[in-house]
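I have placed the structure first, in the form of structure tokens, so that the comments after it can refer back to it.
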Amino acid sequence: MTENVNPFAYAPAPESRELVSIESSYDLFINGKFVAPKSKKRFVTINPATEEVLSKISLGGKDDLDLAVKAARRAYESVWSKLPGKERGKYLYRIARLMQERAREFAVLETLDNGKPIRETRDTDIPLAIQHFFYHAGWADKLEFAGNGANPRAHGVVGQIIPWNFPLLMLAWKVAPALATGNTVVLKPAETTSLTALLFAQICIDAELPPGVVNIVTGDGSTGASLVAHNGVDKFAFTGSTEVGKAINRSLASSGKPVTLELGGKGANIVFEDAAIDQAVEGIVQGIFFNQGHVCCAGSRLLVQENIHDHLIEKLERRIEKIRVGDPMDKNTDLGAINSKEQLQKIIELTQSGEIEGAKAWQPDCALPSRGFWFRPTIFTNVTGAHRIAREEIFGPVLSVLTFRTPQEAIEKANNTPYGLAAGVWSEKGSRLLWASRELKAGVIWANTYNKFDAASPFGGYKESGWGREGGRHGLLPYLTHSSTPRVKPSKGVRK
Amino acid sequence: MSKDRIDVKKTYKLFINGAFPRSESGRSYPIYRKGSKVLLAQPAQASRKDLRDAVRAAREARLKWQSATAYNRSQILYRIAEMMEGRRLQFVEEIMAQASLTKSVAEKEVSEAIDLWVWYAGWCDKVGQISGANNPINGPFYNFTSPEPIGVVGVFAESDSSLLGLVRAMAPALAGGNTVVVLASERYPLSAITLSEVIATSDVPAGVINILTGIRNELTPWLASHMEVDGLDISGEKSRRVEIRTLATENLKRVADFGSSTSPNRILALMDQKTIWHPIGI
């Protein structure tokens, strides 16, 4: 036994790749079948942890979207809208069960395509995606109790665009409520993460879902723009950046079509002096390093009460040194690969701005793989509210630490952002937690916890983090037409 | 009208931050008895600066209105109905004069408007109960959702209605705990100012309700684009809706559009749902 061996080092525990078979290229999923793209264009998708090419994905063009929207319309009119809720629900239950049976395969595929650790896809992404289908299945025949009146109705064809940070989970957040409420769907996955959506298409076939109820058109930003511009779509749902969300909303302004937007965030995580420090440290780590920080609700601004700052940062650094960065397929890995080269560039650029503007960066001394896209967990101290790293969404494993003296100052700093998606608050005093939770302008408040999700829990933002909710009873409402039965008859008055 | 004395006519002014200023621009515009050249009044023609002052007042009044208990807000809105009842005659006469309606129609409109305040007043401490939820989480967490006001709401009163269309548009935003900047009907603005006088004596904190009279085309773009306005109720505005929606996108204002309907959904459209998690443990 050599002296340098660390007896506590983790032996590699790789998940098997053999669980999935990835085809060399994929077609679009339209009207219940895989069809070659009319655009004749394809692009490669790679494993961001190795830069290995995984497959070629179809780039859907205008004609492809047209087919998909028409298929969705036909399916809506001829089958889906006529099906009783009870039967619609059974399809969703079937989908949930089929996904459970292939959960491990989904997890491996997601990790290969996205770069996130297998521990997270296996324990979080895939089980939550399945829960979403199971949860919403049960709503399909209970919609009259959902709160939008006695006769809630679907919109028709829903266009949905999802991001790359939780590919299958975001698909589930979009597709499950849309189908449960009786809509049909044209979904565009993110450019870099199409594979689990395409495996989901196979699940739709295996569940014998009527053709056209779900259509999946892969592609890039141009594909998404064509979907937004298509006049055959009745409702839109988008998850992604605030900038793109605003562009979508502007382009739909003339049509007045209903839109749901889940956009960016710059979540504040507030630690009061009376917090349980060790739990808070775990919560901070979960808040910013979960999913490489590719989380719109990440707790990317840590607000620490000044008198515990040094103590907390010391503990936090010690904890971060234990984070295992590397092969996402290794079951021990905590922090995987950055999803794309573009995203890595963005993270690098913003962290450089942090140093230029005078904040102090700290990173653990961990080895990074030689290939693929990687970024060490990073914390910035000496951050002020004016720094870009305190204002802009970095969408990476980078934490900005600010301090406060009074609870009022904490709230003021936390709310000093155009975003309002999520926030955390740590204290052992119940009344203070409830006070802070009330004062924080954000759609999700995690008190003494962070980054928790559930199919029954509504999720969505205040202010420029978007509108509408996903999950829970509230998540159904955007997919149902407004019931605004007049109580008082509109009276224009009788002119003399 | 008695010949024995000259009656004292009212100056119709703006309602900003609990006070009744003229427009800082010094402008006014004439309102005639419908279908005649008989001058009824010359209400203020609000400027962009007046609108900004109104938004600032609404912004500052937010905390006071939001931190009032729902029971308290409910009583204040109910008091508006009480005060209106006492001024019923004045409202009826103004509606008749502006819109040229019969007395019975005008009386019906005033009654409906008063009753509508009562209806929305009652919602203040109930909307959270019909819309909130305790969510059953797959794990040891207590998790609940409740609606909160979005902040400052710009309200476009219905342009073809003197009073009812005004109340229909502003009451839901207030019941949800928002503060409002209201653009009165351009053609029938007089009831809006009389309503401000009611509001001023109803214990509504200054700045919670601000009412501007003037030319819609002048004010609409500034209200739609103001970065400190959090939402709009455009139910009463039938023109320039694309422009309003486009301008409102800059800070993602919530835009409510309900026509002339009355519904708790109209309150909820100007509220955001907040979900709070806490672990359960010993």
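Mind jotting down the distance between the C-alpha centroids of the range A:41-68 and the range B:200-252, whole Å?
About 44 Å separates the Cα centre of the range B:200-252 from the one of the range A:41-68.
Taking the Cα atoms only, what angle lies between the long axis of helix B:216-225 and the longest principal axis of chain B, rounded to 10 degrees?
20
Give me the angle, in degrees from 0 to 90, between the Cα long axis of helix A:309-320 and the longest principal axis of the Cα atoms of chain A, rounded to the nearest 10.
With rounding to tens, the tilt is 70 degrees.
Which part of the range A:190-207 falls in the paramagnetic zone of residue A:23, meaning amide N under 18 Å from the point 7 Å along Cα-to-beta-carbon?
Backbone N within reach: A:193-207.
List the trypsin sites (Lys or Arg not before Pro) within the range A:406-484 that fall in a DSSP loop (any state other than H, G, I, E or B) and whose Cβ has at most 12 other Cβ atoms within 10 Å.
Sites meeting the loop and neighbour criteria: A:429.
Where is the GNM fluctuation largest for chain B (alpha-carbon springs, 10 angstrom cutoff): B:67, B:36, B:263?
In the Gaussian network model the winner is B:36.
Mind computing the radius of gyration and Dmax over the alpha-carbon atoms of the protein assembly as shown? Å is fine for both.
Expressed in Å, the Cα Rg and Dmax of the protein assembly as shown come to 28.2, 118.
Taking the Cα centre of chain B as origin, work out the dipole magnitude from +1 charges on Lys and Arg Cβ and -1 charges on Asp and Glu Cβ, in debye rounded to 20.
The calculation lands at about 600 debye.
For the range A:70-198, what D do you get in µm² per second when you plug the Kirkwood radius from alpha-carbon pairs into Stokes-Einstein at 4 °C and 1.567 mPa s?
Stokes-Einstein gives a translational diffusion coefficient of 86 µm²/s.
Per-residue mean of other chain beta-carbon atoms within 10 angstrom of the beta-carbon, peptide A:466-475?
4
So if I average 1/r over every pair of distinct C-alpha atoms in the range A:290-357 and take the inverse, what Kirkwood radius in Å does that give? Intermediate results must be reported in sequence, preceding the final value.
Details: mean 1/r = 0.0700 Å⁻¹.
One over the average 1/r among Cα pairs gives 14.3 Å for the range A:290-357.
Among the GluC sites (Glu not before Pro) in the range B:204-263, which ones are in a DSSP loop with at most 15 other Cβ atoms within 10 Å of the Cβ? Mind listing them?
Answer by residue number: B:228.
Quick check for you: which residues of the range A:205-220 have the amide N under 18 Å from the point 7 Å beyond the Cα of residue A:83 toward its beta carbon?
A:205-216
Whole-Hz ³J(HN,Hα) for each residue in the range B:266-271, computed from phi via Karplus 6.51 cos²θ - 1.76 cosθ + 1.60 with θ = phi - 60°, x for glycine and proline: what do you get?
These are the phi-based 3J(HN,Hα) values: 5, 5, 5, 5, 10, 10 Hz.
Could you work out the equivalent-ellipsoid semi-axes for chain B, taking the square root of 5 times each eigenvalue of the Cα gyration tensor, largest first, in whole Å? Display every interim value, and only then the final one.
Working: eigenvalues 251, 84, 52 Å².
They are 35, 20, 16 Å, listed largest first.
What FRET efficiency do you get for residue B:10 and residue B:72 if R0 is 35 Å and r is their Cβ-Cβ distance, rounded to the nearest 0.05?
Calculated transfer efficiency: 0.70.
Amide H neighbours of residue A:38 under 5 Å, at least 5 residues apart or on other chains, H built in the peptide plane: list them.
Result for residue A:38 returns A:61, A:64.
Would you mind calculating the relative contact order of the range B:1-140 from Cα pairs under 8 angstrom and at least 6 residues apart, reporting the percent as a whole number?
It rounds to 20 percent for the range B:1-140.
Mean separation of Cα pairs under 8 Å and 6+ residues apart, divided by the residue count of chain A: what relative contact order is that in percent?
Numbers: 1111 pairs, mean separation 88.6, N = 496.
Normalised by residue count, the contact order of chain A is 18 percent.
First measure r as the distance between the Cβ atoms of residue A:53 and residue B:227, then evaluate 1/(1 + (r/R0)^6) with R0 = 60 Å and state the FRET efficiency to the nearest 0.05.
Efficiency, from the Cβ-Cβ distance: 0.85.
Suppose the chain between residue A:315 and residue A:105 were pulled fully straight at 0.36 nm per residue; how much longer would it get relative to their current alpha carbon spacing? Please list the in-between numbers first.
Working: separation 210, 0.36 × 210 = 75.60 nm, distance 3.73 nm.
Gain in length upon complete extension: 71.9 nm.
Under the rule of at least 5 residues apart or a separate chain, name every residue whose amide H is placed under 5 Å from the amide H of residue B:102.
Answer set, sorted by chain and number: A:496.
Hey, in the GNM for chain B with a 10 angstrom Cα cutoff, which one of B:222, B:117, B:65 fluctuates hardest?
Of the options given, B:222 has the highest mean-square fluctuation.
With the cut-off at 21 Å, tell me which of the pairs A:38/A:188; B:253/B:274; A:56/A:346; B:9/B:49; A:413/A:441; A:413/A:463 have Cα atoms farther apart than that.
A:56/A:346; B:9/B:49
In terms of modelled amide H atoms, which long-range or inter-chain residues lie less than 5 Å from the amide H of residue B:209?
The list, which skips near neighbours in sequence, is B:180.
Tell me the angle of helix B:70-86 to the major Cα principal axis of chain B, expressed in degrees between 0 and 90 and rounded to the nearest ten.
Value to nearest ten degrees: 20.
Return the sequence-ordered ³J(HN,Hα) values of the range B:136-143 in whole Hz as given by the Karplus equation 6.51 cos²θ - 1.76 cosθ + 1.60 applied to θ = phi - 60°, using x for Gly and Pro.
x, 8, 7, x, x, 9, 9, 9
Got the relative contact order for the range A:268-455 handy, in percent, Cα pairs under 8 Å and 6 or more residues apart?
Rounded, it is 30 percent for the range A:268-455.
Fewest to most neighbouring Cβ within 10 Å: what's the order for A:406, A:218, A:449? Display every interim value, and only then the final one.
Details: A:406 10, A:218 29, A:449 20.
Starting with the residue having the fewest Cβ neighbours, the order is A:406, A:449, A:218.
None of the figures in this text is laboratory data; all of them are computed from the coordinates on show. As the structure is a prediction and not an experimental result, all values here were calculated from the model. Ideal geometry is used to build each Cβ from the backbone, glycine not excepted, and the neighbour counts take in all protein chains shown.
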